[in-house]
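Read-outs: derived from the displayed coordinates by stated rules, not from any lab. Fair warning: this is a prediction, and the values are worked out from it, not measured in the lab. Cβ placement follows ideal geometry from the backbone for every residue including glycine, while neighbour counts extend to all protein chains displayed.
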Amino acid sequence: MGSQDGRVRSRGMPRMRSIAQSFLIYLLLSFPAHVAAGTPSEYQLKAAFLYNFALFTEWPEAVGDTLDLCIYGSDPFGDALLPLNHRRVGPRRIITQLPTTLAELPDCELVFIARSAMGQLPEILGAVHGLPILTVADSPGAMRRGVAINMITQHNRIAFEANLTAARAHSLNLSSRLLRLAEEVEK
């Protein structure tokens, strides 16, 4: 199951498929207002993924009582993030933010790096270096470039890959339950 370069690939075992289906059901039930209106959009589903990434990430104790979820770059989510505002992740309340400068990123706990900002990735990662901030993207190759979680589309479904080295560099612990659902985990 492991490889020489430190990556672990999911094999699509029946048990994993069952866990993934349970996770998807949980995602969809987390946002009933949008789902009830029809098929959720790509970014409604990705918003649900962001919520669950936050839910299954352990931050250091000293982080405060809010969880600032920031979208850096052109916001692809639109209204899809509205259901997340003021939801709780443990004792912390989610506040969505749209920072416009790199200097604002250290105030975030989760930074989604929009595709429009990927050209600035080295600067973005430098701005949050060593801070307890979960970096997430949905751009090809982002995980290998240092983003902790990258959402991908495979066979018309949203999946994700995780970079444990990047998460640990930010003093974050990604739940083993989350990692079991990843298409790829880079250690």
Please pick out the residue among 136, 147 that is part of a loop (DSSP other than H, G, I, E, B), in contact (Cβ under 8 Å) with a residue 12 or more places away in the chain, in contact with a strand residue (DSSP E or B) (Cβ under 8 Å, 6 or more places away or on another chain) and within 19 Å of residue 59 (Cβ to Cβ). 147
Taking region 164-181 on its own, how many of its residues are more than 11 Å from the chain's Cα centre (by Cα) and farther than 17 Å from residue 109 by Cα? 6
Working only within region 62-110, note down all residues that are in a helix (DSSP H, G or I), in contact (Cβ under 8 Å) with a residue 24 or more places away in the chain and under 25 Å from residue 39 (Cα atoms). 78, 80, 81, 83, 84
For residue 135, all conditions in the list (1) surrounded by fewer than 17 Cβ atoms within 10 Å (Cβ to Cβ); (2) touching a Gly at 6+ places or on another chain (Cβ under 9 Å) hold save one; what is the number of the exception? (1)
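May I ask you to verify whether residue 96 is closer than 20 Å to residue 169 by Cα, crowded, with 18+ Cβ neighbours inside 10 Å and of a type in the set (Ser, Thr, Tyr)? Break it down stepwise before answering.
On the way: closer than 20 Å to residue 169 by Cα: no; crowded, with 18+ Cβ neighbours inside 10 Å: yes; of a type in the set (Ser, Thr, Tyr): yes.
No, not satisfied.
Which residue out of 48, 54 is among the small types (Gly, Ala, Ser), surrounded by 20 or more Cβ atoms within 10 Å (Cβ to Cβ) and farther than 25 Å from residue 123 by Cα? Explain how you work it out, then say what you get.
Values: 54 fails: farther than 25 Å from residue 123 by Cα.
Answer to the selection: 48.
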